[in-house]
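The values are calculated or read from the model by the stated rules, or taken from the named source; none is laboratory data. Because the structure is a prediction, the values reported are computed rather than measured. These accessible areas exclude ligands, DNA and RNA; they are computed on the full protein's heavy atoms, side chains included. Shrake-Rupley method; radii C 1.70, N 1.55, O 1.52, S 1.80 Å.
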Amino acid sequence: MNLEEELGRLLNDDRLDVRARPDATEVVVTGARRVRRRRTAVVGAVTAVALVASGWGVTALGGSLSLPSVDPAVLPTTTTTTTSTGGVTAAPPPHTVVETVTVSVTKEQARPNVGYGAVKFGMTEQEVTATGLVTRAPGGECAAFTWTSDPGIANAVLVARGRGVVRIELPATGTTSKGIGVGSTLERVKAEYPTGQQAYGGGSYDVVMPGDVAWKYVFALDAERVVGIRMQRLGADCAQQGEQR
């Protein structure tokens, strides 16, 4: 027997036949469907991971995918400028605009707390009258008042237009903060107020007081004794209503 006859005998041997199972077709189809489902699941998982990694939240509800809404106001904006050569250049980053607003507040000028009793420099006619210490008197250039307790002193309080009280003459019983009053000697006045100057002719001793309020004491003298004390704003008006020094 030659080789060809031997091969033919072997190929025709019924013992080498492979018989298929009766349900072979169903088994093959089921396996193919299982492989397809696995591939679909793997592709869906990879897609979900990619979306999560890129910043989008993916939610699977009832087999559908939903993406969160995005506010257009927060979407990044990119502006490009095309140069004459055809190239594209990214615009510079935006800058923050800072606006400085300067508000000028006009503070009402503080009234000087200088005066005799309740009567202070700068008071208006109405405010002086409201103190109850004075009585309105005939005036001239400025409104004049006398002390209710000492009406004999003319022009005791003078109120200048636009400046308020500019002159206060103390009543006969009044004294300065250092105890100088009518009857005090010039020597004592100089001891208490050494920076003063005696006026020409010796009729008064004037003392410019320190501080923010420009004013002075005018001690009227007779035989080197005080006969009157006047508190007076520097540069005051009302020159025709009494001596202004």
Using only the Cα atoms of segment 180-244, build the gyration tensor, take square roots of its eigenvalues as a ≥ b ≥ c, and label the shape rounded, prolate or oblate: rounded if a/c is under 1.5, else prolate if a/b is larger than b/c, else oblate. oblate
Taking amide H positions as placed 1.01 Å from N in the peptide plane, with prolines and chain starts having none, which residues 5 or more places from GLY140, or on another chain, fall under 5 Å of its amide H? none
Quick shape check on segment 155-217: root eigenvalues a ≥ b ≥ c of the Cα gyration tensor, a/c under 1.5 is rounded, otherwise prolate if a/b tops b/c, else oblate, and it reads prolate
Once the whole set of protein chains is in place, how much accessible area is left on GLU26, using a 1.4 Å probe, in Å² to the nearest 10? 130
Would you pull out the residues with amide H under 5 Å of TRP215's amide H, same chain only if 5 or more places away, H placed 1.01 Å from N? MET209, LEU234
